[in-house]
Amino acid sequence: RRLGCEEAPCESPPPEILNADPKKTTACVGTKSRQVCRIHCKLGFYATGVPECVKGAWRALDLARCEEAPCTMAPEVENAKDTAACTNRESGDICPVECQQG
């Protein structure tokens with residue numbers, strides 16, 4: 001029988017990532033060394049970067065973030081003129097809406 005040493009897996013979830021769904025980061029427990037774990041963000045946010053497990057410790061945490069998602073769809077405003085200019089606005093941007101005459 002051949003014996004060997006293996007790098008330790010991460011036995012805990014990554015440290016808290018702002019706006020990540022903490023219930024889903026528990027799925028990262030047991031990630032093998034040199035593997036990454038996909039993070040799931042709360043509604044209205046999207047993941048950038050991924051934490052990597054290296055010898056039982058999480059790395060690249062400065063790259064793993066949940067960023068505010070842009071507004072990808074135009075709002076539906078009753079009696080408004082075309083609101084297409086409101087698509088793909090950054091979160092927090094103001095979208096000017098003009099009403100139809102009458």
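The values are calculated or read from the model by the stated rules, or taken from the named source; none is laboratory data. What you see is a predicted model; the values in this text were computed from it and never measured. Quick reminder, even Gly has a Cβ in these numbers, built from the backbone with ideal geometry, and neighbours come from all protein chains shown. What goes into the accessible areas is simple: the full protein's heavy atoms, side chains included, and nothing from ligands, DNA or RNA. Shrake-Rupley method; radii C 1.70, N 1.55, O 1.52, S 1.80 Å.
Which whole-number percentage describes the relative contact order of the chain, with Cα contacts under 8 Å and a sequence gap of 6 or more?
It rounds to 20 percent for the chain.
Given the -39500 (n - 2.57) contribution per DSSP H run of 4+ residues, what per-residue ellipticity at 222 nm results for the chain, rounded to the nearest 500 deg cm²/dmol?
-500 deg cm²/dmol
What do you reckon, how do Arg38, Arg2, Arg65 stack up by accessible area (1.4 Å probe), largest on top?
The most accessible residue leads, giving Arg2, Arg38, Arg65.
On a full-extension model of 0.36 nm per residue, what is the gain between Tyr46 and Glu6, subtracting their alpha-carbon distance, rounded to one decimal in nm?
So the chain would gain 11.0 nm between Tyr46 and Glu6.
Within the chain, which cysteines find no other Cys whose Cβ is under 4.7 angstrom from their own?
Unpaired cysteines in the chain: Cys5, Cys71, Cys99.
Sort out the exposed loop GluC sites (Glu not before Pro) in the chain (DSSP loop, at most 15 other Cβ within 10 Å) and tell me the longest stretch that has none.
Counting at most 15 other Cβ atoms within 10 Å as exposed, the longest clean stretch of the chain is 17-75.
Among [x] 8.9; [y] 8.2; [z] 12.0, only one was calculated for this model; which label is it, if the read-out is mean projected area of the Cα convex hull in nm²?
[x]
Using a 1.4 Å probe on the protein chains only, how many percent of the accessible area of region 44-102 belongs to carbon and sulfur?
48 percent
Under a point-charge model restricted to the Cβ atoms of Lys and Arg (+1) and Asp and Glu (-1), what is the dipole moment magnitude of the chain relative to its Cα centre, in debye to the nearest 20?
Dipole magnitude for the chain comes out near 900 debye.
Add +1 for every Lys or Arg and -1 for every Asp or Glu among the other residues with Cβ under 14 Å from the Cβ of Gly56, and state the total.
Once positives and negatives cancel, what remains is 0.
Find the accessible area per residue for the chain; the probe is 1.4 Å, ligands and nucleic acids are left out, and the unit is Å².
Using a 1.4 Å probe on heavy atoms only, each residue of the chain averages 78 Å².
Using a 1.4 angstrom probe and counting only protein chains, how large is the accessible area of Asp93 in Å², to 10?
Here the accessible area works out near 90 Å².
Looking at region 42-82 from every direction and averaging, what is the projected area of its Cα convex hull in nm²?
4.0 nm²
With a 1.4 Å probe and every protein chain left in place, tell me how much accessible area Leu3 has, in Å² to the nearest 10.
150 Å²
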